[in-house]
1. For the subset of region 197-231 comprising residues that are polar (S, T, N, Q) and over 27 Å from His117 (Cβ atoms), which member is farthest from the ligand (Cβ to nearest atom)?
2. With the checklist (1) open to solvent by 10 Å² or more (accessible area, probe 1.4 Å); (2) touching a residue at least 60 places away in the same chain (Cβ under 8 Å); (3) more than 21 Å from Cys279 (Cβ to Cβ) in hand, flag the one item Ala193 doesn't pass.
3. Write out, first by first residue and then by second, each pair whose Cβ atoms fall under 6 Å of each other, whose residues are 6+ apart or on separate chains, and whose first residue, in region 15-32, is open to solvent by 100 Å² or more (accessible area, probe 1.4 Å) while the second is of a type in the set (D, E, K, R).
4. Just wondering, is there one or more residues in region 67-75 that are within 16 Å of the ligand (Cβ to nearest atom) and open to solvent by 10 Å² or more (accessible area, probe 1.4 Å)?
5. Among the residues of region 212-248, write down those that are without any contact (Cβ under 8 Å) to a residue 40 or more places away in the chain and within 17 Å of the chain's Cα centre (by Cα).
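The values are calculated or read from the model by the stated rules, or taken from the named source; none is laboratory data. Predicted model only: the values in this text are computed from it and were never measured. Backbone-built Cβ (ideal geometry, glycine too); neighbour counts: all protein chains shown. Surface accessibility is based on the protein's heavy atoms, side chains included, excluding ligands, DNA and RNA. Shrake-Rupley method; radii C 1.70, N 1.55, O 1.52, S 1.80 Å.
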Amino acid sequence: MAVSFTLEKELSRDEIKDLQRKVRKLAEEKRAVILAHYYQRPEVQDVADFIGDSLELSRKAAETDADIIVFCGVRFMCETAKILNPTKKVLHPNPESGCPMADMVTAEQVRLLRKKHPDATFVAYINTTAEVKAEVDVCVTSANAVKVIKKLPAKKIVFLPDQALGGWIAKQIPEKEFVLWRGFCPPHFEFTAKEVLKLKEKYPDAKIAVHPECHPKVVELADFVGSTSQILKYATTVNAKRVIVITEVGLKYTLQKKNPEKEYIFPESMNYCGTVYCCTMKGITLPKVYETLKNETNEVILPKDIMERARKPIERMLELT
Ligand code: SF4
């Protein structure tokens, strides 16, 4: 699907407050739960019932008894929420907000790969489409991948779509053989080691926390490598005044709220979409959240058989963790 975001006018502080009040009122009236990823805009995070990474939000989606789930994240996350709650109404405030990495592998490609590696267990990062999940054996997130894959009896693992995360996992499980798909996350993969070294030179006392979707040369420089929620925990508790954080800039808001005593340094280089953040995550805006909930539009609809097949690898992941 082509991505074409309409520009929205910048809201004043009062307009933001007013919209936030309206969103919360609607959420109560309609028994809706609002889930938001850490990479969302601060004003969107502020109206959410829960903020988390992919694993935390999958769990919340599986547990909720709300009638409506408004998912402020990219498309594969909304699909996961729908797969785990097939009878619930899941709304996506911007259906054009997909994940470029998730779109780097198709169900047809997975089927072909199966023929090439019939003896392998197929592991998909949660950042995949519902159609791709329907073709694999188990899903993982960056927070639980090592734990889940270690528990699998298979010796050969086909991991998709993220080559950077797959390579990082493979290093920690040398007893297994890995076949990696060549997908990548544009915002994370484009941070260069050179940029990290520049930051380290400027802030020699800082610790470096890196997301495993980053390039292996960046990962090598890290004091800590982990998922978004693991970085959140590390950066807010580590014994250092400053932390250089190499992940999507949306996390800065939660870091500052959680522990304002520390300084969090994010790279300022120009990369994907001309900025340091994930454009598709930022495609969810507060007016879109409001309109979607008010009119109950942008419902996530998936074919029943795809949902049934895609649920199995997600549930297997939840069981194994
Ligand atoms: S940050 Fe990367 S993996 Fe996450 S939604 Fe954006 S492109 Fe996809």
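1. Taking region 197-231 first, the residues polar (S, T, N, Q) are 227-230.
Among the residues that remain, those that are also over 27 Å from His117 (Cβ atoms) are: 228-230.
On the way: Thr228: 9, Ser229: 14, Gln230: 15 Å.
Selected residue: Gln230.
2. (2) is the only condition that Ala193 fails.
3. Arg31/Asp67
4. Yes: region 67-75 contains one or more residues that are within 16 Å of the ligand (Cβ to nearest atom) and open to solvent by 10 Å² or more (accessible area, probe 1.4 Å).
5. The initial filter retains those residues of region 212-248 that are without any contact (Cβ under 8 Å) to a residue 40 or more places away in the chain, namely 217-218, 220-224, 231, 233-243, 245.
Answer for region 212-248, where residues must be without any contact (Cβ under 8 Å) to a residue 40 or more places away in the chain and within 17 Å of the chain's Cα centre (by Cα): Ile231, Lys233, Val245.
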